[in-house]
Structure formats: C-alpha cells, structure tokens
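Report on the following structure.
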Amino acid sequence: MRKFLVVLDDSRECLNAIRFAALRAAHTGGGVQILSVIPPEEFQHWVGVADLMREEARERIEAHFEVFAKWMRDKHGIQPELVIREGQPVDEILGQIQDDPEIGILVLGAGLDRTGPGPLVTQLSRNSGSLPVPVTIVPGALSKERMESIA
C-alpha cells in the first residue's frame with residue numbers, strides 16, 4: 001500500500017498537511033504515516049533529566065497524534081501510523097523515507113508568514129530534484145472546502 005508521509009510538529013501548517021494526506025489516502029486507498037521528530041538539542045542535559053524530557057516529549061507527541069488518528073479513523077476510515085524519531089528533522093524525514101519503501105509521497109504544509117514557507121519546505125525544496133519521492137506542498141491558506149475538492 002502506498003503511504004503518504006506527513007510531519008507532525010508544533011507548526012500551524014502541519015494541520016493542513018495532515019488533513020490533505022488523510023483526504024488523499026482515503027480517495028486513493030492509501031495509508032498515512034505521521035512522523036514526529038524530536039530534535040537532539042532538547043536533551044542537552046544530564047542523562048536522568050534527558051531521559052525524563054525524552055519520555056515527556058514522546059507522551060506529548062502521542063497525545064497530539066491521537067487527536068488526528070481519531071479524526072482519520074472516524075471521518076475517513078484510515079488508521080494512521082505514528083513514527084517518532086530523534087535527530088535533525090530533514091535527516092530523519094529522509095531516513096524514514098529510505099527505511100519504509102511503501103512511502104510514496106511526502107506531504108508538507110507551507111506556512112503563511114513573511115519569513116517563508118517554513119524550514120522543512122525551504123530545506124527540502126532546495127534538494128527536491130534528488131529526493132526519493134515526490135513532495136506535495138499544501139498551502140497554509142488553502143480552505144477545507146477547496147482542499148476537499150482537490151483531494
């Protein structure tokens with residue numbers, strides 16, 4: 001089954017990316033894999049403190065994921081998969097694509113502020129010609145109605 005890989009982070013733009021990935025998966029018989037990356041700089045403390053912070057980060061991610069998973073199950077009949085990795089976001093996204101051959105499309109959300117579309121879109125689009133899968137960039141201003149008509 002082809003999977004749509006989408007990144008779950010604290011950005012507003014990830015909401016549209018998750019919504020779009022779920023819609024596309026529902027319409028094409030695909031799956032959704034949600035990747036959350038914990039940056040290593042969050043754990044620059046003593047070992048015991050770092051372990052506690054790592055566990056708290058995982059619990060926060062799992063709670064956040066469950067909100068989207070319930071919506072996907074109830075609304076679209078999709079059971080998303082959660083993957084949590086630690087490292088630099090772009091490296092971990094590329095690593096996950098390499099590790100899972102069923103990933104067919106990377107879905108990213110573009111931000112609305114004046115600084116640009118967001119760090120992931122900016123960094124990954126620089127190397128888009130050599131990426132192993134196509135990338136879909138979902139505009140942050142795209143309405144739910146328009147998204148549903150496109151997906």
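The values are calculated or read from the model by the stated rules, or taken from the named source; none is laboratory data. Note that the structure is predicted; figures quoted are calculated from it, not measured. Cβ: placed from backbone, ideal geometry, glycine included. Neighbour counts: every protein chain shown.
Taken over the stretch 64-88, the criterion of being more than 13 Å from I34 (Cα to Cα) and either surrounded by 12 or more Cβ atoms within 10 Å (Cβ to Cβ) or among the hydrophobic types (A, V, I, L, M, F, W, C) (or both) is satisfied by W71, R73, K75, H76, E86, G87, Q88. Could you check, for the stretch 114-135, whether at least one of its residues is surrounded by fewer than 11 Cβ atoms within 10 Å (Cβ to Cβ) and closer than 17 Å to G30 by Cα? Yes; the residues of the stretch 114-135 include at least one that is surrounded by fewer than 11 Cβ atoms within 10 Å (Cβ to Cβ) and closer than 17 Å to G30 by Cα.
Checking Q123 against (1) over 18 Å from D9 (Cα atoms); (2) in a helix (DSSP H, G or I); (3) not hydroxyl-bearing (S, T, Y), only one condition comes out false. Which one? Against the list (1) over 18 Å from D9 (Cα atoms); (2) in a helix (DSSP H, G or I); (3) not hydroxyl-bearing (S, T, Y), Q123 comes up short only on (1).
One residue stands out among those in the stretch 126-148 that are assigned to a loop (DSSP other than H, G, I, E, B) and within 17 Å of I18 (Cα to Cα): the one that is modelled with the highest pLDDT, which is P134.
Output yes when any residue across the stretch 37-53 is surrounded by 23 or more Cβ atoms within 10 Å (Cβ to Cβ) and at pLDDT 95 or above, and no when none is. Yes, the conditions are met somewhere in the stretch 37-53.
Of all residues in the stretch 136-151, those that are within 21 Å of D10 (Cβ to Cβ), surrounded by 14 or more Cβ atoms within 10 Å (Cβ to Cβ) and small (G, A, S) total 1.
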